[in-house]
Amino acid sequence: MSGIAQLFDNDSPLGRAVTKAGTYIAVNLLFIIGSLGIVTIGASLSAMYYTLMKYQRGGGEINPFRLFVKGFRENFVRATVVWLGALCLMPFLLLEMFWCSQAAGVMHLFLYALGTLFLVSAVLLLYVFPGIAAFDVPIRRQVLNSMFFAGKSPVTVFLLAAFVLVPFYVTYSFMEWLPLWAFLWCCFGFAAVAGVQSHLLLSLYAPCLAKPEGTGTDDAVQPVSQCSQRTEEKRILKDMKRLGM
């Protein structure tokens, strides 16, 4: 019996795997519930990233319900403003691109400019909501930070986009398996995608975040020079407030 007890102990590999799976399932369900209002999707996204980043950096058990609610409440205004702005901007750009594609002459050339603007906006959105979860700065600074991190690692941009687009592409490419896809998305799909993205982004954020609690290091804000040695990086990161994780 002692062997079986050790197998299911919280510190055992199986116990940690079950705990991790339960955390992701709980966060996924909370995200779905928080997104039912449509307008609240932005705040729900930021709360999901907030919870998963705390979990990944903490390396231990967390209360996903408490953290999600905290992240939702603290980031609600900024995340909602960004989300509503995206809801207005992205469809507008798509509509303008459609009209320009039907036009001839000079108007048709605007299609490329609008396409570039749409692509840049989409890339920034990949960074803005996790950034809202990680850094307590105004929206304008959040956008600048997103531009900085996107430019710092183009490979990460590609990976972030791939982990969003590929699962949705597979889902809609095999509609005969829709019940299975629906079950997976409702169970843990959104949190799994956000979890992978959080892991990628934390590698970029790490130099400018407070050390996790319990590491024996000071949580005070470090000098900007420790985050970056370049003038442009200092300008962009100078007023980042570290998230106390």
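The values are calculated or read from the model by the stated rules, or taken from the named source; none is laboratory data. In this text the structure is predicted, and so the values were computed from the model without any measurement. Here Cβ is always computed from backbone atoms with ideal geometry, including for glycine, and neighbour counts include all displayed protein chains. With ligands, DNA and RNA removed, areas are computed over all heavy atoms of the protein, side chains included. Shrake-Rupley method; radii C 1.70, N 1.55, O 1.52, S 1.80 Å.
Considering region 92-211, the qualifying helices (runs of 4 or more DSSP H), each wholly inside and each with 3 or more residues that are in contact (Cβ under 8 Å) with a residue 24 or more places away in the chain, run over 106-134, 139-152, 154-173, 190-205. For residue 79, the criteria (1) of a type outside the set (Lys, Arg); (2) modelled with pLDDT under 90; (3) part of a helix (DSSP H, G or I) hold in every case but one, which is (2).
Per-residue answers, yes or no, for (1) at pLDDT 90 or above; (2) under 20 Å from residue 20 (Cα atoms); (3) surrounded by 12 or more Cβ atoms within 10 Å (Cβ to Cβ):
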residue: 162; (1), (2), (3): yes, no, yes
residue: 187; (1), (2), (3): yes, yes, yes
residue: 190; (1), (2), (3): yes, yes, yes
residue: 195; (1), (2), (3): yes, yes, yes
residue: 204; (1), (2), (3): no, no, yes
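With respect to the conditions (1) open to solvent by 80 Å² or more (accessible area, probe 1.4 Å); (2) modelled with pLDDT of 75 or more; (3) within 29 Å of residue 62 (Cβ to Cβ), residue 179 lacks only one, and its number is (3). In region 108-120, the count of residues that are under 20 Å from the mean Cα position of the chain (by Cα), within 17 Å of residue 45 (Cβ to Cβ) and open to solvent by 30 Å² or more (accessible area, probe 1.4 Å) is zero.
Being among the polar types (S, T, N, Q), over 22 Å from residue 68 (Cα atoms), surrounded by fewer than 19 Cβ atoms within 10 Å (Cβ to Cβ) and at pLDDT below 90, is that true of even one residue in region 139-152? No, region 139-152 contains no residue that is among the polar types (S, T, N, Q), over 22 Å from residue 68 (Cα atoms), surrounded by fewer than 19 Cβ atoms within 10 Å (Cβ to Cβ) and at pLDDT below 90.
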